[in-house]
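We did not get these values from a lab; they are worked out from the coordinates using the rules stated. What you see is a predicted model, and the numbers here were worked out from it, not measured in a lab. Positions of Cβ are backbone-derived with ideal geometry, glycine not excepted, and every protein chain shown enters the neighbour counts.
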Amino acid sequence: MRRLAAGNWKMNGSTASLGEIRSLLADHPDPGCEMLICPPATLLAPMAALAAGTALSLGGQDCHQNTSGAHTGDVSAAMLKDAGAGYVILGHSERRADHGETDQLVAQKALAAREAGLVAVICLGETGGERDAGRTLDVVGAQLAGSVPDGASAANTVIAYEPVWAIGTGRIPTLEQIAEVHDFIARALNARFGSAAGAIRILYGGSVKPSNAGEIFAVPHVHGALVGGASLKAADFGAIVSALAAF
Ligand code: PEP
């Protein structure tokens with residue numbers, strides 16, 4: 001299994017930010033793990049020009065569930081692919097919260113991504129209130145059952161466990177809590193998809209930084225990270241890539 005360091009730039013970045021990608025590529029020509037950046041859709045094409053022939057993969061941050069049509073402001077999976085993406089993040093907690101995305105919609109989007117030849121990075125995670133109420137595994141299990149469509153395999157799916165309360169807060173779960181949820185996800189994937197699930201990568205996301213990446217990557221069933229804030233600077237993301245490559 002090739003481990004994956006994925007960066008989610010969210011609604012950040014302009015053409016001036018392409019310098020970070022140049023630095024990342026210059027410092028990590030042969031990173032020893034898979035390196036993925038998901039910029040705003042506006043930057044996919046210019047980033048793809050920089051990434052051509054390098055170890056850097058690119059992804060979108062969302063796609064529409066339909067292939068085309070009257071959906072003002074939306075982007076289809078095929079459009080992302082055409083602009084240079086190989087991946088798309090789906091069901092991020094910010095989209096679930098800001099746009100009311102349901103598990104059912106995320107699953108539809110994942111099928112659209114698969115149809116277009118993109119790998120879906122499907123995000124799951126409990127809120128702080130749900131964790132405090134002891135409902136973490138119930139919530140993550142329900143999201144996984146509802147958001148991951150039938151036919152998932154390592155070729156079309158990555159799972160990102162992102163506790164909502166850890167995103168952008170500087171707080172992370174204990175390593176035992178991360179281990180518990182990743183083990184739970186691995187078992188759930190195996191129960192549903194059998195041997196096809198064995199190589200599906202399960203990323204941890206939520207306040208991953210150079211200073212905590214190594215200990216998180218040592219947790220069983222953590223196959224990489226989905227990184228928000230720390231992916232915006234080549235030096236920080238590069239340090240996380242190096243930490244992952246050490247495993
Ligand atoms: C994210 O939004 O996917 C994320 C993990 O953000 P951060 O690393 O900033 O917590």
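Only one residue in Ala199, Ala213, Ala230, Ala225 is assigned to a strand (DSSP E or B) and within 27 Å of Pro39 (Cβ to Cβ). Which one?
Values: Ala199 fails: assigned to a strand (DSSP E or B); Ala213 fails: assigned to a strand (DSSP E or B); Ala230 fails: assigned to a strand (DSSP E or B).
Only one candidate passes the filter, namely Ala225.
Tell me, please, whether a residue that is within 16 Å of the ligand (Cβ to nearest atom), closer than 21 Å to Gly59 by Cα and in a helix (DSSP H, G or I) can be found in region 165-180.
The answer is no, given that none of the residues of region 165-180 is within 16 Å of the ligand (Cβ to nearest atom), closer than 21 Å to Gly59 by Cα and in a helix (DSSP H, G or I).
Taken over region 110-142, the criterion of being in contact with a Pro (Cβ under 7 Å, 6 or more places away or on another chain) and within 25 Å of Ala199 (Cβ to Cβ) is satisfied by Ala110, Leu111, Gly125. Listed by first and then second residue, the pairs with beta-carbon distance under 7 Å, at least 6 apart or on different chains, first residue in region 100-125 and without any contact (Cβ under 8 Å) to a residue 40 or more places away in the chain and of a type outside the set (Gly, Ala, Ser), second assigned to a helix (DSSP H, G or I) and within 16 Å of the ligand (Cβ to nearest atom), are Glu101/Arg95; Ile122/Val106; Ile122/Ser147. Checking each residue in region 20-47 for being surrounded by fewer than 18 Cβ atoms within 10 Å (Cβ to Cβ), touching a helix residue (DSSP H, G or I) at 6+ places or on another chain (Cβ under 8 Å) and part of a helix (DSSP H, G or I) picks out Arg22, Ser23, Asp27, Ala41, Ala45, Pro46.
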